[in-house]
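The values are calculated or read from the model by the stated rules, or taken from the named source; none is laboratory data. Quick caveat: nothing in here was measured; it's all calculated off a predicted structure. Note that each Cβ is placed from the backbone with ideal geometry, even for glycine, and that neighbours are counted across all protein chains shown.
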Amino acid sequence: MNPDALNNFRQQAEWCEQMGSPFTALVCGALHAYLTEETAFGRRLLNWPDRPEADAIALRACGALNALAREGHPALAPFYPPNRLPSDVAFWRAAQSAFASDDARLTRFLDSAPQTNEVARSAALLPGYLTIARLTGLPLAVREIGASAGLNLSFDRYFYRYGSFSWGTPDAKVTIPCEWRGERSAVAGAIEIADRQGCDLNPIDARDAAARARMLAYIWPDQTARVERAQAALDLASNENIRVEQIDAALFAARELSAGAPGRALVLAHSIFWQYLPDATKAAIRAAIAQAADRATKASPFAWLRMEAEADERRGARVRLSLWPQGPVDELLAVADFHGRWLEWRGVA
C-alpha cells in the first residue's frame, strides 16, 4: 500500500472543505476512513504507483462515484445533492453497494486525470489576455495546451462580473462572477482573437453526451452554479464548433510555436494542467517556449500565460505572464482561487 495514496484523500477532504464543498469533503473523508483493498477500486487507489497528489487520485475517485450517482444508481443517488448531507458511515454503506454492482466500471473511470475544464478560470486568465493585447496592440493567436473541451478557449465570449465592474456582453450565454481584489484597470479594453486552437491527450467533444457526462461528474455536485455554468459553456462550445486536437502537449507546442503567427501575438496558455505532466514533457514544452522567445519580434511577439498551482502558495493558483521581446518575463500577475471565485491582482511592474 502506498501511504501517500491514502493521505491524498485526507488532504483533499481538507481542501474541499476550504473551497466550499462539504459534500465532496465528506466523500473524501469516508474513502480515507474506510477504503480497503477488498475491491478492485480500492486496490487500484491504495496501491497507486507514483504521484497520488499530482495525479489527483481522490478527485478521480469522487468523479467515478458521482458519475454513477448522476445516472441514478439506486444506492448512491439518494445520498447526493440536492439531498441532505449524509453521515460518512451512511455514505460508505452506499458506496459499498456501488462497488458490489459496478466495481470494474468504477475502476476503469480512474484511468484518466480529472477534467473539469473549469470555465470560471477564464476570469483569472482574462486580465492576462487583456494585458497582452494592450502591450502588443495586436490580435491574439491563442494556443491552449490541456484544453479538455476547449471551454476556456472561448473566454472572450463570456460575460464577467467582477463585483462593481464587468467585462463582456451582458447577454452572453455564460456569466462568470469573480470577486476582484486590487487595481481594476487591468480589466479594460477589447481583445481581437485572430484564431484559437487547443490540444489534449483526451479531448472532450462538447457534442458527445457520454463525454459531457464524464466531465460534469468531476465537478463537485453540491456546487450547482459550477455545474450549470459548465453545461452552458458546453452548449456554447458545441454551437460554436470548438474542437480540441488529440495530440501530446509537447508535440503541439513544438509545432505551433515554431510556426509562429506573423502580425499577431502568439499566446501559449494553460491552467491547472502543468502538475499532470511528466518531467520529460515539461522539459520539451519549455524548450519550445525558449525557441519561440528567441524568434519573437515586436511585430510577431510571443506570450506564455499560465494559471498553475505552486508549492509555496496554498490559497490558490498563481497567474503568470512572460512576453517576448518587449514585455515582462515570469511576471506574477495575480493569485486566484482554483475555481475562479476570487482574484488578487498584482499587475505588471
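Residues of segment 257-272 that are surrounded by fewer than 20 Cβ atoms within 10 Å (Cβ to Cβ) and on the phi < 0 side of the Ramachandran plot: Ser258, Ala259, Pro262. Residues of segment 188-204 that are charged (D, E, K, R) and within 16 Å of the chain's Cα centre (by Cα): Asp200 alone.
So, Arg84, is that one free of Cβ contacts under 8 Å to residues at least 24 places away in the same chain and not assigned by TED's automatic domain parsing to the domain that holds Ile219 or not? Spelling it out, Arg84 is indeed free of Cβ contacts under 8 Å to residues at least 24 places away in the same chain and not assigned by TED's automatic domain parsing to the domain that holds Ile219. Scanning segment 322-349 for residues that are more than 12 Å from Thr131 (Cα to Cα), among the β-branched types (Val, Ile, Thr) and modelled with pLDDT under 95 yields one hit, Val329. Within segment 266-278, is even one residue among the small types (Gly, Ala, Ser) and over 23 Å from Pro127 (Cα atoms)? No, segment 266-278 contains no residue that is among the small types (Gly, Ala, Ser) and over 23 Å from Pro127 (Cα atoms). Against the criterion of being basic (Lys, Arg), assigned to a strand (DSSP E or B), in contact (Cβ under 8 Å) with a residue 40 or more places away in the chain and crowded, with 19+ Cβ neighbours inside 10 Å, Arg226 does not qualify.
Could you name every one of the strands (runs of 3 or more DSSP E) located completely within segment 79-197 that has at least 1 residues being polar (S, T, N, Q)? Walk me through how you get there before you give the answer.
Details: elements: 140-145, 159-162, 165-167, 175-177, 179-181.
Result: 165-167, 175-177.
Being modelled with pLDDT of 95 or more and surrounded by 21 or more Cβ atoms within 10 Å (Cβ to Cβ) is a condition met by no residue of segment 182-194.
Asp111: without any contact (Cβ under 8 Å) to a residue 40 or more places away in the chain, of a type in the set (Asp, Glu), closer than 30 Å to Ala309 by Cα and surrounded by fewer than 21 Cβ atoms within 10 Å (Cβ to Cβ), yes or no?
Yes: the conditions hold for Asp111.
Taken together, the criteria exclude Phe79 from residues that are in contact (Cβ under 8 Å) with a residue 60 or more places away in the chain, among the aromatic types (Phe, Trp, Tyr) and buried (at least 16 other Cβ atoms within 10 Å of the Cβ).
Looking only at residues of segment 49-72 that are modelled with pLDDT of 95 or more and surrounded by fewer than 19 Cβ atoms within 10 Å (Cβ to Cβ), we find that the one that is nearest to Ala217 (Cα to Cα) is Arg70.
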